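Read through the structure below, which is laid out as structure tokens, and then see the notes.
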Amino acid sequence: MKKVLLFLKKNLKWIVSLITLIMFIAIVRNIYANEIASFDNFYYGYISKLISDQMTFFVKVITNLGSAYALISIAVLMLLIPKKKIYGILTSINLVAIFLLNLLLKYIFTRPRPTDINLIKELGYSFPSAHAMVGTAFYGFLIYLIWQSNTKNKQKWFYSILLGILIILICITRIYLGVHFASDVFGGFLISISYLVLFTSIIKKYLPNKKVPTE
């Protein structure tokens with residue numbers, strides 16, 4: 001039993017990566033088999049009950065935090081911090097890599113967007129959601145960088161929870177606005193987690209040595 005627990009602890013991130021990849025493949029399979037409509041309708045049915053003018057304004061603000069303009073701006077600002085320039089470089093590489101991967105997947109699956117429920121206008125293919133996929137990889141990587149820094153543990157948890165909530169909200173806004181099916185959003189989120197495990201494993205050696213944080 002101890003060996004199993006040690007194995008799980010040592011390989012947890014790869015196990016998570018494998019599970020999310022399998023779940024992503026399952027969603028793809030269900031899309032191609034036309035067995036995903038009930039899943040999409042279930043989540044849209046609940047989220048659409050929240051639609052109001054005030055909520056739509058809030059949702060548009062949140063969804064813009066996952067837009068290309070917002071993410072590029074944050075990456076550029078990080079590049080301007082001299083002592084943390086390596087963080088900015090890696091964040092920029094991450095942003096470009098996940099954007100290209102999302103673009104590739106969209107052109108592989110070529111799934112049309114939802115019609116007649118759109119609260120805003122969006123172009124391009126639907127699966128996987130770029131906001132969900134790119135936003136999760138971008139802000140998820142910031143969470144990773146926070147935990148690799150010498151920031152106090154309480155601050156690490158605070159900022160990580162904040163960014164985690166932001167990721168979830170960005171994902172939900174795409175369903176609310178009717179520009180993506182729920183399966184687009186879940187698919188984007190899942191493949192992004194799998195991608196992050198691989199990306200962080202590759203770039204880990206380029207990060208500064210982590211110092212022991214003060215409480």
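The table that follows gives values for the structure above.
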| item | result |
| --- | --- |
| Pair list, Cβ < 6 Å and 6+ apart or interchain, from segment 177-206 residues that are in a helix (DSSP H, G or I) to residues that are crowded, with 19+ Cβ neighbours inside 10 Å and among the basic types (Lys, Arg) | Val185/Arg174 |
| Single condition Ile120 does not satisfy, out of (1) touching a residue at least 12 places away in the same chain (Cβ under 8 Å); (2) surrounded by fewer than 18 Cβ atoms within 10 Å (Cβ to Cβ); (3) within 16 Å of Phe24 (Cβ to Cβ) | (3) |
| Ile167 being touching a residue at least 12 places away in the same chain (Cβ under 8 Å) and either open to solvent by less than 10 Å² (accessible area, probe 1.4 Å) or over 16 Å from Ile62 (Cα atoms) (or both) | no |
| Residue in segment 4-11 that is farther than 23 Å from Leu145 by Cα, among the β-branched types (Val, Ile, Thr) and either in a loop (DSSP other than H, G, I, E, B) or over 23 Å from the mean Cα position of the chain (by Cα) (or both) present | yes |
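For every residue, the table says whether it meets (1) modelled with pLDDT under 95; (2) buried (at least 19 other Cβ atoms within 10 Å of the Cβ); (3) more than 23 Å from Phe39 (Cβ to Cβ).
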site	(1), (2), (3)
Ile89	yes, no, yes
Ile98	no, yes, yes
Leu101	no, no, yes
Lys106	no, yes, no
Gly124	yes, no, no
Tyr139	no, yes, yes
Lys156	yes, no, yes
Tyr195	no, yes, no
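The values are calculated or read from the model by the stated rules, or taken from the named source; none is laboratory data. Predicted model only: the values in this text are computed from it and were never measured. Cβ atoms come from the backbone with ideal geometry, glycine included; neighbour counts cover every protein chain shown. Keep in mind that these areas ignore ligands, DNA and RNA; they rest on the heavy atoms of the full protein, side chains included. Shrake-Rupley method; radii C 1.70, N 1.55, O 1.52, S 1.80 Å.
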